[in-house]
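The values are calculated or read from the model by the stated rules, or taken from the named source; none is laboratory data. As the structure is a prediction and not an experimental result, all values here were calculated from the model. Here Cβ is always computed from backbone atoms with ideal geometry, including for glycine, and neighbour counts include all displayed protein chains.
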Amino acid sequence: MSRPGLNGALSGADVSALVSTRICHDLISPIGAISNGVELLAETTGAGSPELGLIGDSVNSASARLRCFRIAFGAAPPGTRVPVADLRAGVDAMLGGGRTRIAIAAGGPQLPRHTAKLLLLALLCQEAALPLGGDVQVAADERRFRIDTAAPRLRDIESLWAVAAGHPPPPHLAPAEVQFLLMGQMLADHGVVLRRQMRDDGLSLEVAGLPA
């Protein structure tokens, strides 16, 4: 979270992050209970039905998505780290499948929470530019990450990339575009910039120099 103001009060962004964390936390528990119930039903019947399989897959996907949303939009104490395995599962549930394929290569089993958060926000930003999906390759370590995407077509969202670069947002920013605003704010908080390269066959995003 960002630092409190001079009067010690939380900023609007801090409050929003806390609300996001609370919502994700309160939803994960009942979803976990549903998952346990599905497993018990499968054990009781002695054979997994296609219907139970679909429910189980949906529950697991929802749980992974919520954990990913909590990292991207929620709050966490300083020094928190994120297992790369959890990050992969969340990204696959949130962005993978269909026409988008994502591979994540990391320099270790965990990443600092702020690095993982910025990485997820960047992935959500680039997703908005991929109307037909694409092949996404991610390389990340403690203080930097790079996203290389090959795509058949790119959507023109220059006004949103400007928001991610720190420019004021348009007056009617859509909820599906909030990641650009959060990205710009977080980059400014850490004193780093988003390097973006657009190509005919895709785009690349890179952030370096993050704190350890």
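Here are the numbers for the structure shown:
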{"quantity": "Criterion violated by Asp189 - all others in (1) under 27 Å from Asp14 (Cα atoms); (2) touching a helix residue (DSSP H, G or I) at 6+ places or on another chain (Cβ under 8 Å) satisfied", "calculated": "(2)"}
{"quantity": "Residue in segment 103-117 that is over 29 Å from Glu158 (Cα atoms) and at pLDDT below 90 present", "calculated": "no"}
{"quantity": "Matching residues, segment 33-68, being surrounded by fewer than 14 Cβ atoms within 10 Å (Cβ to Cβ) and of a type in the set (S, T, N, Q)", "calculated": "Asn36, Thr44, Thr45, Ser49"}
{"quantity": "Subset of segment 165-177 [surrounded by 13 or more Cβ atoms within 10 Å (Cβ to Cβ) and touching a residue at least 40 places away in the same chain (Cβ under 8 Å)]", "calculated": "Glu177"}
{"quantity": "Among residues of segment 13-28, those that are in contact with a helix residue (DSSP H, G or I) (Cβ under 8 Å, 6 or more places away or on another chain) and modelled with pLDDT of 85 or more, counted", "calculated": "0"}
{"quantity": "Tally of residues being in contact with a strand residue (DSSP E or B) (Cβ under 6 Å, 6 or more places away or on another chain) and either part of a strand (DSSP E or B) or modelled with pLDDT of 90 or more (or both) across segment 74-99", "calculated": "6"}
{"quantity": "Which numbered condition Arg155 fails, given (1) under 18 Å from the mean Cα position of the chain (by Cα); (2) closer than 12 Å to Cys125 by Cα", "calculated": "(1)"}
{"quantity": "Residue in segment 193-212 that is surrounded by the most Cβ atoms within 10 Å (Cβ to Cβ), counting only those that are part of a loop (DSSP other than H, G, I, E, B) and touching a helix residue (DSSP H, G or I) at 6+ places or on another chain (Cβ under 9 Å)", "calculated": "Leu210"}
{"quantity": "Any chance Arg3 is at pLDDT below 80 and either of a type in the set (Lys, Arg) or surrounded by 14 or more Cβ atoms within 10 Å (Cβ to Cβ) (or both)", "calculated": "yes"}
{"quantity": "When residues of segment 43-59 are limited to those that are closer than 26 Å to Met94 by Cα and among the aliphatic types (A, V, I, L, M), the one nearest to the chain's Cα centre (by Cα)", "calculated": "Val59"}
